[in-house]
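Read the structure below first, then the notes.
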Amino acid sequence: MILLLVVLTNYKFVKSIAHSKELTFYDSQLKMSLLFGLLVFVLISSNIMAAVVTYAEKLPPQQKPLSSYSKSAVVVNFDPKIGQLPEGLIVNNKDIFVAWAPIGQVAKIDKNTLTVSKYGSWPTIPPNKGFMLGLNFDKQGNLYAAIASLSPQLKSGVYRLSPGGASNATLFAKHQNMTFPNDLLFDKKGQLFVSDSSSGTLFIVKPNGNVVKWLTDPLLKGDRNFCPPAQLPVNIGANGIAFDKNGTSLFVTNTDRASIIRVPIMKDGSAGKPDLFVGPDCKNLNGADGIVLDKNSGSFIVAVNKLNKIVRVSMDKKITILESGGGILDFPASVKIDNATSGQTTPQQQILYITNFGFISASKHLTPRTALLKAGP
């Protein structure tokens, strides 16, 4: 259709020149030159448009970004009465894993049957004394979980469970300033980045478990009164973390300060000077929590827990609301994009998974809509 419009438009223009009364007999050579030039232009532009259309039609399904967002739907409901409030989230080819935060248990959801089962044995979190938060797998299949403990009976840190989940999880990494470890993210070298929401610090955990303080900065600190009214009992600063498309910067959500911080990664792996990427924006980012890179578009999808929103943040700093309150969102905490084929020969379209943590509803003694949700194009 576009190619036809190009041809017809240029044909009408050529015809008007040919019958123009403004060009006299003595301008015949000029008229012929114009006609020849326009015909060449038609051929070139038509070929270019044909090439563009052909290329667009051949784009594989996985190259299409999450631009046509459908509102989220429930995959699995959980029972908040027994502590099944999901926060952390990670997805592999076959299963989805969520962290039931207040009881410190990982649940595994089979993508095909939606069967829910406990995965691994984890240290018990005393009632109302801590949370299990971020989850991630390494290349060997070990599962890591961030546990923030408010009790001397249990140490805060990163716990590790061996592949298969049949053993007991053990404390893998800790640091005196790692009091509220939250999100977990592996880089290509196998180093584990950890955000700490209390100290406003980013840590790197080496493959041997050694912990290095990577960056502490005021931009990563929380302030529960920054976007009034205060809704959380403690200050929550650095939270969700994600690399950009080129892996040259780490982007960090600051929950309380309604912002996203960009931290350049220097050639030697050290942290560059952080800067305010977007925000503060209490209207759209108050409660910015989990963040995930949409690799196809280069933009980020962010769960905004206090506002019950899912937003897209582009690299030109434009914020687009994909879904907002009034639906089934209830303190959305983590977001992950699933590109897995699940054994299929044809790649499936992207699916965005979301955990409905329901924290504020639970703290107000309401019935939270705790669930695993999904949305997509």
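The values are calculated or read from the model by the stated rules, or taken from the named source; none is laboratory data. Computed from a prediction, not measured in an experiment: that's the story for all the values here. When we count neighbours, we look across all protein chains shown, and the Cβ atoms used for this are built from the backbone with ideal geometry, even at glycine.
A few comments on the model shown:
- Under the condition of being part of a loop (DSSP other than H, G, I, E, B), at pLDDT 95 or above and among the aliphatic types (A, V, I, L, M), the residues counted in the range 226-245 number 1.
- Scan of the range 110-133 for residues that are in a loop (DSSP other than H, G, I, E, B) and either in contact with a Ser or Thr (Cβ under 8 Å, 6 or more places away or on another chain) or surrounded by fewer than 18 Cβ atoms within 10 Å (Cβ to Cβ) (or both), ordered by number: 111, 112, 113, 114, 115, 120, 124, 125, 126, 127, 128, 129
- Subset of the range 190-209 (residues that are assigned to a loop (DSSP other than H, G, I, E, B) and either touching a residue at least 12 places away in the same chain (Cβ under 8 Å) or in contact with a Leu (Cβ under 7 Å, 6 or more places away or on another chain) (or both)): 190, 191, 197, 198, 199, 200, 206, 207, 209
- Only listed residue being assigned by TED's automatic domain parsing to the domain that holds residue 96 and either in contact (Cβ under 8 Å) with a residue 40 or more places away in the chain or of a type in the set (Phe, Trp, Tyr) (or both), chosen from 152, 123, 163, 127: 123
Quick grid of which residues meet (1) under 23 Å from residue 84 (Cα atoms); (2) touching a strand residue (DSSP E or B) at 6+ places or on another chain (Cβ under 8 Å); (3) assigned to a loop (DSSP other than H, G, I, E, B); (4) at pLDDT 95 or above:
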position	(1), (2), (3), (4)
135	yes, yes, no, yes
148	yes, yes, no, yes
152	no, no, yes, no
160	yes, yes, no, yes
178	no, yes, yes, yes
184	yes, yes, no, yes
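Okay, residues lined up against (1) part of a strand (DSSP E or B); (2) among the basic types (Lys, Arg); (3) modelled with pLDDT of 95 or more:
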{"position": "301", "(1), (2), (3)": "yes, no, yes"}
{"position": "306", "(1), (2), (3)": "no, yes, yes"}
{"position": "334", "(1), (2), (3)": "yes, no, yes"}
{"position": "348", "(1), (2), (3)": "no, no, no"}
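- Some residue of the range 261-270 being free of Cβ contacts under 8 Å to residues at least 60 places away in the same chain and either under 15 Å from the mean Cα position of the chain (by Cα) or closer than 19 Å to residue 133 by Cβ (or both): yes
- Residue in the range 246-253 that is surrounded by 14 or more Cβ atoms within 10 Å (Cβ to Cβ), without any contact (Cβ under 8 Å) to a residue 60 or more places away in the chain, in the same structural domain as residue 288 (by TED's automatic domain parsing) and part of a loop (DSSP other than H, G, I, E, B) present: no
- Filter result for residue 77 (closer than 18 Å to residue 374 by Cα, modelled with pLDDT under 95, in the same structural domain as residue 195 (by TED's automatic domain parsing) and surrounded by fewer than 23 Cβ atoms within 10 Å (Cβ to Cβ)): no
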